[in-house]
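What follows is a set of notes on a single structure, which appears directly below.
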Amino acid sequence: MTKFSDLKLDPKVLSAVADAGYETPTPIQADAIPPALEGKDVLGIAQTGTGKTASFTLPMLTLLRRGRARARMPRSLVLCPTRELAAQVAENFDLYAKNTKLTRALLIGGVSFGEQDKLIDKGVDVLIATPGRLLDHFERGKLILTDVKIMVVDEADRMLDMGFIPDIERIFQLTPFTRQTLFFSATMAPEIERITNTFLHAPVRVEVARQATTGANITQKLVQITPERRDQTAKTKRELLRALIEAEGEACTNAIIFCNRKVDVDIVAKSLQKYGFDAAPIHGDLEQSQRTRTLESFRDGGLKLLIASDVAARGLDVPAVSHVFNYDLPMHAEDYVHRIGRTGRAGRKGAAISISTPSDEKYLQGIESLIESEIPRAEPPEGFALSEGAKTAPQKRDDSKGGRSRGGRSRDGGSRSSRGPRPPRESKKIDQQDNAATTPIAQTPAPEPAPAQASAPAPEQAAPVKPEAKPANERDDNRRSRGGRNNRRDSDRGNSVVGMGDHMPDFLTRSFRTSKPDTASEVETEDSTES
């Protein structure tokens, strides 16, 4: 059996490996380290949790033992898709390089540029970075990549999923043509294969497991559930998740719960906290300091349940994770392999439990097609029953309020719920028009018109005459009246235009007011007047 002492590593590096408690390399390490030490390009394909980080960290430290870094010109470069994975690579470097004088710098978001600039200006042997922050430093003129001798791309398929491939291609072009490239990925999508054919020179292909296979020491289960109502799907899944965690009992020492969306990560975390579970969220929208504290607490055993988006699905090395729960089935089939790879690491047993609803059918088919096996089905925990909140019947349509039951809008674009009751039906309008044709226009009798002057020309006959003034005592009564605005309106409605005789147009008899009527009776009167 191959041991680390057989791999021709630097004695100082071997000493650090022995201090860490490692004696036998994993298959990917045993196959990738020898050609890397020979200066060849390496294309490593292995599932997550197989020790890929040490596969490039150990030969890098051995190759860089001679030489000295210059200011702003790193000697090697490691690209990682996420901040957490980059920080983990930095920890591995510190672990294996403790007996050497090699230096490193970590360039990730969430940290001030000033602190990172100070490290770069001193000169570093190993630069570990995410693509975005690396290009930020380069565009600011703080970084020169022409002295890079070894370039590592870790979790290349995750780079593809996160849209970093254009950045990776640009970084490749900024580094020397004579560099050595170590390229690692769990899967080989066509785009990844194109990049390897373009930028790698006669690489040694190391594949220790079939692409996208799951660990044999991971017990997988799929619990399918059909919610009674579509809008209660999320609530039903949260109740089932709590039941699954409780059903595992003491076997679930800690767990990572994966959600597809960041907003669901926060909701699930708050829901578990509400019911007494020790849970905390981690996703890309949180501050880097909070993400670091949460992850450290989970690694140290202070936190039991870590609710995460796919930012934590790749490369996070927490050796003793007992369970992985897929609250949502991943939309990309490859992510299923990486998610459940967070458990069952370093030869330990692990369990992966997924929740599925009818809407996840296409995702489930993609996953089973990728891993070329069917995920074993399991029943919900014994005694599991939905709460009354998840069984609440949908609200019935209330036709009395008018409008559609789904908050429809009226034909003129306004919301029916905010516009009050509907106007009278057409039949009622027709009746009002018929009544208006047989009844006087004004409700109060109009005084007899003054005799028209026969000698006046026709145009002058159409000129309006001021309404007859009210008696002084009537004006005083109205002024002293406390009946309010309605009483004043009633008195005003009684004033009619007089003096026009039979030639007076109907519209001149209308009463103009500056405010809308308050009562329904006034609305009906006005409608009949208009007709």
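Every number here is computed from the coordinates shown, using simple stated rules; none is lab data. As the structure is a prediction and not an experimental result, all values here were calculated from the model. In this analysis, Cβ positions are derived from the backbone assuming ideal geometry, glycine residues included, and neighbour counts consider all displayed protein chains.
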Using modelled backbone amide H atoms (1.01 Å from N, in-plane), which distant-in-sequence or interchain residues come within less than 5 Å of V208's amide H?
I45
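What full-extension length gain, to one decimal in nm, is calculated for T292 and T178 as 0.36 nm per residue of separation minus the Cα-Cα distance? Walk me through the intermediate numbers first.
Values: separation 114, 0.36 × 114 = 41.04 nm, distance 3.65 nm.
Length gained between T292 and T178: 37.4 nm.
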Go through segment 357-363 residue by residue and turn each phi into a ³J(HN,Hα) via Karplus (6.51, -1.76, 1.60, θ = phi - 60°); whole Hz please, and just put x for glycine and proline.
10, x, 6, 8, 4, 5, 5
Checking the a/c ratio against 1.5 first, then a/b against b/c, what shape does the Cα gyration tensor give for segment 218-390?
rounded
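Based on the alpha-carbon set only, what is the convex hull volume of segment 1-137 divided per residue, in Å³?
Working: hull volume 15.5 nm³, N = 137.
It is 113 Å³ per residue.
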Interchain or long-range residues, amide H under 5 Å from T103's placed H:
D125, V126
Can you work out ³J(HN,Hα) from phi for every residue in segment 175-192, in order, using Karplus 6.51 cos²θ - 1.76 cosθ + 1.60 and θ = phi - 60°, giving whole Hz and x for Gly and Pro?
9, x, 5, 8, 5, 9, 10, 10, 10, 10, 7, 7, 10, 10, 5, x, 5, 5
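A 23 angstrom limit on the alpha carbon distance is what I want to check against. Which of K237/K274; K40/K142; K8/K122; K8/K98 exceed it? Mind showing how you got there, number by number?
Values: K237/K274 15 Å; K40/K142 30 Å; K8/K122 30 Å; K8/K98 18 Å.
Violating the 23 Å limit, Cα to Cα: K40/K142; K8/K122.
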Roughly how many whole Å is it from the C-alpha centroid of segment 19-85 to that of segment 173-212?
14 Å
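If each residue of separation counts as 0.36 nm, what is the full-extension length gain between Q273 and F507 once their alpha-carbon separation is subtracted?
On the way: separation 234, 0.36 × 234 = 84.24 nm, distance 7.09 nm.
That works out to 77.1 nm of additional length.
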For segment 89-168, what class follows from the C-alpha gyration tensor (a ≥ b ≥ c being the square roots of its eigenvalues): rounded when a/c is under 1.5, otherwise prolate if a/b is larger than b/c, else oblate?
oblate
How much FRET efficiency would the formula 1/(1 + (r/R0)^6) give for R348 and N197, where r is the Cβ-Cβ distance and R0 is 30 Å, rounded to 0.05?
0.20
In percent, what relative contact order does segment 4-207 have, based on Cα pairs under 8 Å that are 6 or more apart in sequence?
29 percent
Return a whole-number percent for the relative contact order of segment 218-390, with Cα pairs under 8 Å and 6 or more residues apart as the contact set.
35 percent
3J(HN,Hα) from dihedral phi, segment 24-41, Karplus parametrisation 6.51/-1.76/1.60, rounded to Hz, x for glycine, proline
10, x, 6, x, 5, 6, 5, 8, 8, 5, x, x, 5, 5, 7, x, 8, 6
What is the local net charge at K101, summed over the other residues whose Cβ is closer than 10 Å to its Cβ (Lys, Arg +1; Asp, Glu -1)?
+2
Around P358 (Cβ within 15 Å, Cβ-to-Cβ, excluding P358; K/R +1, D/E -1) the net charge comes to 0
With a Förster radius of 22 Å, plug the Cβ-Cβ distance of D19 and L119 into 1/(1 + (r/R0)^6) and report the FRET value to the nearest 0.05.
0.30
Within segment 227-242, backbone nitrogen closer than 19 Å to the virtual label 7 Å beyond the Cα of D266 toward Cβ:
234-235, 238
Cut-off under 5 Å, modelled amide H: who pairs with I307 long-range
I257, A280, I282
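Just to be sure I follow: if Rg is taken over the C-alpha atoms of segment 146-266 and Rh is the Kirkwood radius over the same atoms, what is Rg/Rh? Write out the running numbers ahead of the final one.
Values: Rg = 21.1 Å, Rh = 18.6 Å.
Here the Rg-to-Rh quotient is 1.13.
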Can you pull the one-decimal nm distance between simple spin-label points at E248 and T226, each 7 Å off the Cα toward Cβ?
2.8 nm
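Taking the Cβ of T24 as the centre, find all other residues whose Cβ is under 13 Å away and add up their charges (Lys, Arg: +1; Asp, Glu: -1). Don't skip to the answer; put the middle values down first.
On the way: positive: K3; negative: D6, E23.
With Lys, Arg at +1 and Asp, Glu at -1, the net is -1.
Please list 145-152, 14-21 highest first by mean number of surrounding beta-carbon atoms within 10 Å per residue. Mind showing how you got there, number by number?
Values: 145-152: 19.4, 14-21: 14.9.
Taking the mean over residues of other Cβ atoms within 10 Å, the ranking is 145-152, 14-21.
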